[in-house]
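Chemist: One structure is given below, represented as structure tokens, and several questions about it will come after.
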Amino acid sequence: MNLKPFYTVLLYTCILFIPLAGIADTTPIGNATISMLLDYGNRASIVSLSLKGQKLISSPDGIYTSIRVGGITYSSLHLKTTPVLSKTGNTVKLSGICYGDQNLTITENWIFTVTEKNIHWTLERSCSKPVVTTEAALPVFNFDSINTWEGAYQGYGGLAWFYLFNEKLCTYGVHTSLSDFWNSKTGNGLTVAVDAPGKNVAMKYSRTNEDKLAYTVTVSDHELLPLSDSGTNRRRFIRGATNVWSPFNLSTAKCSATISMTYFDCNEKYGRGVFKGIDGAKVSAVLNTIARIGVIDSLHFGGNSWHTPYGPICLHEQYIAQLGLAINDPKYLKGDESCLDFYRDHAILPDGRVYPRWAYTNEDAMAGKFNQDGFYEAQWGILMDSNPDIVTNISELFDMTGDLSWVKTHQLSCEKALDWILKRDSNHNGLVEAMNDSLQQKVSSDWIDIIWASYENAFINAKLYHALVKWAVIEHLLHNEAKATYYENFAALLKTSFNKSTKAGGFWDEEKGCYIHWREKDGSIHGTNMVTPVNFMAIAYGICDDDSRKKKILSSIETQMQQEHLFFWPLCMTSYTKGEGNGWQFPFPAYENGDLFLSWGALGVAAYAGYDPALALKYVKNVLQQYSKNGLAFQRYGRMKQDGLGDDILSGNSLSIVGLYQAIYGINPLYNRFYLDPHITPELAGTALKYNFRGKQLTINLDSNSYAVSDQHFTIRATTNFGFYSDGNQLSYFNSNQSEVSLQANTAAPLNIEIKSWNTDKMEWLQNTTKSVKYVIHHLKPGSDYRISVNGKSVSTMTTNAKGELVINHTPQSKRDNIVIHL
């Protein structure tokens, strides 16, 4: 007889039903990780809540329910009658919770069900009459201190970061049904998940006047709207108040929700593995906080923090999905899918133009150029990079999820967005033209929005090239060969024209040794001051194939970086010419004319990783050092003092760390494989990262000239870049950067493969397994004979089929077999 379940129930019974001595009308509820004390005398509230022995709540108003109507708050802290407690097995029920006055009566039942890992709390509520309420807590948690938790990850991958609640009565409201509260110092985490079928769930977080953290769950028939402010209705974060939501209707119908509380270990759930040669704690901290703060709400993902006064989102930022690569939270990826669905349906105009921004208010909008959903044209000009950037974000998110059915829902909108901008190539040279022709018009056309870039803009065209290359792959997968070919051909022509010298109509300035920012309709060239995003994009996106040009650009930048002792790359190395930007950008350096914007860090790291990984790593470390000084809690850094400037914390401040993951560690999830392409330095050898990929946790081992990917059942090790994918009992190896599988192995036993060499004439690998393996080798010469050797002995000769495949059923001959296939 297995007695464990019996003793588990007995333990729960003891915890649940032995009253606390000396305290009347209370009962303990809990399991091995969560314990609470329910008070049911003249009030109904949780007066104590502990997690793994850590006290989180210890007050009479710890956790309770309430409704506010017409300035009056009714709550379960003041009952009209005494409720009735009953206990059955591992369930506690508190019935007849009744509060209100002669005008309104609220009746509730609370049911607690305890399991080994969870406490499920079902709350049933009904009102005596319909009311309009400004607050309907079901329930509110009053944690003892604003510092009890560092933050709460949201069900869509965002973050309520309490570091930003820097004064009393800060309040942040979001639409989600899950919060993961965490504290890296204690290692404790608490998941609060709400299940309310057929209802909408919202949550808000407030720093109280007593410096507590008030966390409120609201369940409603319709989605809650933010409280109207200055003619808009979009603000999520407010100061000096807690009423973030507009009033809404409560009916007399019973409302029911189940709150599930679960302990988790922070490191186990959000840990990233073993870091060598770099401060892994800081890497994790940046990715767990800074990288997420541009997620304003469940349908609003961007780069600017929800903490800012007007909360802008720049749809003309191509790296929002890319942040998810290093954040590495499936909830972020799923949330970004929903966000991009929302952008598809509300931010794209009928002709294909993509609005470049969204904000809490309309103050940044061009007159009359906005919609009711908050999307708009910016006052600075028609910022055209939003069209390729939405395509890039969709394409890169698809690479991370592999969800072909989802990306298909974006096919028509992406084609429309691309076709709108491709029509801007009036002279058919492959370079699209901005809406403005000259700096004399004093409007911008790209992300650097107060520099008057116009006509043929290298910044826009570099982004467009990247989007076309990424999206053409998807068109092939969706079997639209005509569109795929069209986009590939346009990208090829764009690349050719981009690389031409300025004298020949391109962007390469032979004299300055850099790509320029733009050329005007009259042929004049502008932005010859080594604009770093333009030049980094040219290299990182594969536009520049000329190694001598790459060296000239990167060595020139690095020489000046050392001369000025800058910790990070500025937007431009020298000054724009006066007149090329807004007047207050001069004298140099000032803001977009010379300051340090960390949002271009992933591109900088990628550009340097293939040239000199040590230089790429240097700037990653510099950013981490800056994080230790001030938390990267600024919009930008000044050129002269390298001091933090601007009150907006950009999620892009984390992008150098994203570059560490993608370009240095070489982590590149792709639609059909996990692609590993490291550029590590000797000091990073021994790094062992945990990485979530398609529902599995992979381990990535990076050693000097030896890289491995494992899902704990299958392992592939190689000395060069490769792709990995596993499904059930099948392992797939992709040689180098090939998108089609090279070797498949089928076995029920754990299998370790070490690739020794792989080319058309010879394939060699070591295998370690205890069971037979069925191998299929792909992309061989059709109808050709191949010799098979095992452990140095020839065992057979086989002929490939018409597809160039070879099928081998191999039974292990030793603990570690060396298999060679050659012509």
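Chemist: Which residues, taken from region 318-375, are in a strand (DSSP E or B) and in contact with a strand residue (DSSP E or B) (Cβ under 7 Å, 6 or more places away or on another chain)? Step through it out loud before you land on a result.
Modeler: Our first condition is that a residue be in a strand (DSSP E or B); within region 318-375, this holds for 348, 354, 357-358, 365-370, 375.
Once the filter is applied, which keeps residues that are in a strand (DSSP E or B) and in contact with a strand residue (DSSP E or B) (Cβ under 7 Å, 6 or more places away or on another chain), region 318-375 yields 348, 354, 357, 358, 365, 366, 369, 370, 375.
Chemist: What's the number of the condition residue 522 fails, among (1) among the acidic types (Asp, Glu); (2) surrounded by fewer than 19 Cβ atoms within 10 Å (Cβ to Cβ); (3) in contact with a helix residue (DSSP H, G or I) (Cβ under 9 Å, 6 or more places away or on another chain)?
Modeler: Here residue 522 meets the rest and fails (3).
Chemist: Kindly evaluate residue 103 against the criterion of being at pLDDT below 95, open to solvent by 10 Å² or more (accessible area, probe 1.4 Å) and outside any strand (DSSP E or B).
Modeler: Working: at pLDDT below 95: yes; open to solvent by 10 Å² or more (accessible area, probe 1.4 Å): yes; outside any strand (DSSP E or B): yes.
When the stated conditions are applied, residue 103 passes them.
Chemist: Quick check on residue 65: is it outside any strand (DSSP E or B) and either surrounded by 13 or more Cβ atoms within 10 Å (Cβ to Cβ) or among the aliphatic types (A, V, I, L, M) (or both)? Working first, answer last.
Modeler: Details: outside any strand (DSSP E or B): no; either surrounded by 13 or more Cβ atoms within 10 Å (Cβ to Cβ) or among the aliphatic types (A, V, I, L, M) (or both): yes.
Spelling it out, it is not the case that residue 65 is outside any strand (DSSP E or B) and either surrounded by 13 or more Cβ atoms within 10 Å (Cβ to Cβ) or among the aliphatic types (A, V, I, L, M) (or both).
Chemist: So, one more: Those residues that are out of contact with any Ser or Thr (no Cβ under 9 Å at 6 or more places or on another chain), among the hydroxyl-bearing types (Ser, Thr, Tyr) and open to solvent by less than 10 Å² (accessible area, probe 1.4 Å), I need them from region 452-499; list them, please.
Modeler: 487, 497, listed by residue number.
Chemist: Can you confirm whether region 752-761 contains a residue that is surrounded by fewer than 19 Cβ atoms within 10 Å (Cβ to Cβ) and more than 23 Å from residue 784 (Cα to Cα)?
Modeler: Kept after step one, since they are surrounded by fewer than 19 Cβ atoms within 10 Å (Cβ to Cβ), are these residues of region 752-761: 752, 754, 756-757, 759-761.
Okay, now just the ones that are also more than 23 Å from residue 784 (Cα to Cα), so 752, 754.
So far as region 752-761 goes, yes, one or more of its residues are surrounded by fewer than 19 Cβ atoms within 10 Å (Cβ to Cβ) and more than 23 Å from residue 784 (Cα to Cα).
Chemist: Is it true that residue 193 is surrounded by fewer than 19 Cβ atoms within 10 Å (Cβ to Cβ), part of a strand (DSSP E or B) and within 28 Å of the chain's Cα centre (by Cα)? Let's see the steps before the verdict.
Modeler: Working: surrounded by fewer than 19 Cβ atoms within 10 Å (Cβ to Cβ): yes; part of a strand (DSSP E or B): yes; within 28 Å of the chain's Cα centre (by Cα): yes.
Criteria met by residue 193.
Chemist: When you check residue 503 against the structure, is it farther than 30 Å from residue 366 by Cα, charged (D, E, K, R) and modelled with pLDDT of 95 or more, yes or no? Show your work before the answer.
Modeler: Numbers: farther than 30 Å from residue 366 by Cα: yes; charged (D, E, K, R): yes; modelled with pLDDT of 95 or more: yes.
Taking the combined requirement at face value, the residue satisfies it.
Chemist: Here is a further query. Six or more apart or on different chains, Cβ atoms under 6 Å: show the pairs whose first residue is in region 531-544 and at negative phi and whose second is β-branched (Val, Ile, Thr) and open to solvent by less than 10 Å² (accessible area, probe 1.4 Å).
Modeler: Note: pairs meeting the criteria are 535/553.
Chemist: For region 628-677, which residues satisfy the criterion of being basic (Lys, Arg) and out of contact with any strand residue (DSSP E or B) (no Cβ under 6 Å at 6 or more places or on another chain)?
Modeler: Taking region 628-677 first, the residues basic (Lys, Arg) are 629, 636, 639, 641, 673.
Scanning region 628-677 gives 629, 639, 641.
Chemist: Separate question: Condition first: charged (D, E, K, R), in a strand (DSSP E or B) and either open to solvent by 70 Å² or more (accessible area, probe 1.4 Å) or touching a residue at least 24 places away in the same chain (Cβ under 8 Å) (or both). Can you find one or more residues in region 795-817 that meet it?
Modeler: yes
Chemist: On the given criteria, is residue 55 surrounded by fewer than 16 Cβ atoms within 10 Å (Cβ to Cβ), assigned to a strand (DSSP E or B) and among the basic types (Lys, Arg)? Working first, answer last.
Modeler: Values: surrounded by fewer than 16 Cβ atoms within 10 Å (Cβ to Cβ): yes; assigned to a strand (DSSP E or B): yes; among the basic types (Lys, Arg): yes.
Yes; evaluated as a whole, the condition is true for this residue.
Chemist: Checking residue 584 against (1) within 10 Å of residue 639 (Cβ to Cβ); (2) assigned to a helix (DSSP H, G or I): exactly one of these is not met. Which one?
Modeler: (1)
Chemist: Just to be sure before I move on: is residue 618 of a type in the set (Lys, Arg), closer than 19 Å to residue 380 by Cα and modelled with pLDDT of 95 or more in the structure I sent?
Modeler: Values: of a type in the set (Lys, Arg): yes; closer than 19 Å to residue 380 by Cα: no; modelled with pLDDT of 95 or more: yes.
No, not satisfied.
Chemist: Right, here's the next one. Filter region 128-160 down to the residues that are assigned to a strand (DSSP E or B) and aromatic (Phe, Trp, Tyr), then identify the one that is farthest from residue 213 (Cα to Cα).
Modeler: Step one: of region 128-160, the residues assigned to a strand (DSSP E or B) are 131-133, 135-143, 151-154, 159-160.
If we keep only those that are aromatic (Phe, Trp, Tyr) too, we end up with 141, 143, 153.
Details: 141: 8, 143: 5, 153: 15 Å.
Among residues in region 128-160 that are assigned to a strand (DSSP E or B) and aromatic (Phe, Trp, Tyr), the one farthest from residue 213 (Cα to Cα) is 153.
Chemist: Considering only region 776-794, state which residues are open to solvent by less than 50 Å² (accessible area, probe 1.4 Å) and either part of a loop (DSSP other than H, G, I, E, B) or without any contact (Cβ under 8 Å) to a residue 12 or more places away in the chain (or both). Explain how you work it out, then say what you get.
Modeler: Here is the first cut: in region 776-794, the residues open to solvent by less than 50 Å² (accessible area, probe 1.4 Å) are 776-778, 780, 784, 786, 788-790.
The answer is 778, 780, 784.
Chemist: Pick out the one residue from 96, 158 that is of a type in the set (Gly, Ala, Ser), buried (at least 21 other Cβ atoms within 10 Å of the Cβ) and at pLDDT 95 or above. Steps first, please.
Modeler: Numbers: 96 fails: buried (at least 21 other Cβ atoms within 10 Å of the Cβ).
Residue meeting the stated conditions: 158.
Chemist: Further question: Out of curiosity, is residue 604 touching a Ser or Thr at 6+ places or on another chain (Cβ under 8 Å) and at positive phi? Steps first, please.
Modeler: On the way: touching a Ser or Thr at 6+ places or on another chain (Cβ under 8 Å): yes; at positive phi: no.
Answer is no for this residue.
Chemist: Another question about this same structure. Restricting to region 27-52, what's the tally of residues that are touching a residue at least 60 places away in the same chain (Cβ under 8 Å), open to solvent by 20 Å² or more (accessible area, probe 1.4 Å) and assigned to a strand (DSSP E or B)?
Modeler: Counting residues in region 27-52 that are touching a residue at least 60 places away in the same chain (Cβ under 8 Å), open to solvent by 20 Å² or more (accessible area, probe 1.4 Å) and assigned to a strand (DSSP E or B) gives 0.
Chemist: Please indicate, with yes or no, whether at least one residue in region 108-127 is on the phi > 0 side of the Ramachandran plot and either without any contact (Cβ under 8 Å) to a residue 12 or more places away in the chain or open to solvent by 10 Å² or more (accessible area, probe 1.4 Å) (or both). Give the derivation first.
Modeler: Narrowing region 108-127 to residues on the phi > 0 side of the Ramachandran plot: none.
Checking region 108-127: not a single residue is on the phi > 0 side of the Ramachandran plot and either without any contact (Cβ under 8 Å) to a residue 12 or more places away in the chain or open to solvent by 10 Å² or more (accessible area, probe 1.4 Å) (or both).
Chemist: Run down 686, 652, 644 and say which single residue is over 19 Å from residue 333 (Cβ atoms) and either open to solvent by less than 10 Å² (accessible area, probe 1.4 Å) or touching a residue at least 60 places away in the same chain (Cβ under 8 Å) (or both). Can you show your working first?
Modeler: Values: 652 fails: over 19 Å from residue 333 (Cβ atoms); 644 fails: either open to solvent by less than 10 Å² (accessible area, probe 1.4 Å) or touching a residue at least 60 places away in the same chain (Cβ under 8 Å) (or both).
Only one candidate passes the filter, namely 686.
Chemist: List the number of the failed condition for residue 720; all other conditions in (1) over 25 Å from residue 680 (Cα atoms); (2) without any contact (Cβ under 8 Å) to a residue 40 or more places away in the chain; (3) assigned to a loop (DSSP other than H, G, I, E, B) hold.
Modeler: Residue 720 satisfies every listed condition except (1).
Chemist: In region 265-289, which residues are of a type in the set (D, E, K, R), part of a helix (DSSP H, G or I) and either open to solvent by less than 30 Å² (accessible area, probe 1.4 Å) or within 24 Å of residue 614 (Cβ to Cβ) (or both)? Write out each step before concluding.
Modeler: If we filter region 265-289 for residues that are of a type in the set (D, E, K, R), which is where we start, we get 265, 268-269, 272, 276, 279, 282.
Those left that are additionally part of a helix (DSSP H, G or I): 268-269, 282.
282, the sole residue that qualifies.
Chemist: Please go through region 301-316 and give me each residue that is within 21 Å of residue 205 (Cα to Cα) and in a strand (DSSP E or B), ordered by number.
Modeler: Across region 301-316, the qualifying residues are 301, 304.
The values are calculated or read from the model by the stated rules, or taken from the named source; none is laboratory data. All values derive from a computational prediction rather than experimental measurement. Using ideal geometry, Cβ is built from the backbone for each residue, glycine included, and neighbour counts are taken over all protein chains shown. These accessible areas exclude ligands, DNA and RNA; they are computed on the full protein's heavy atoms, side chains included. Shrake-Rupley method; radii C 1.70, N 1.55, O 1.52, S 1.80 Å.
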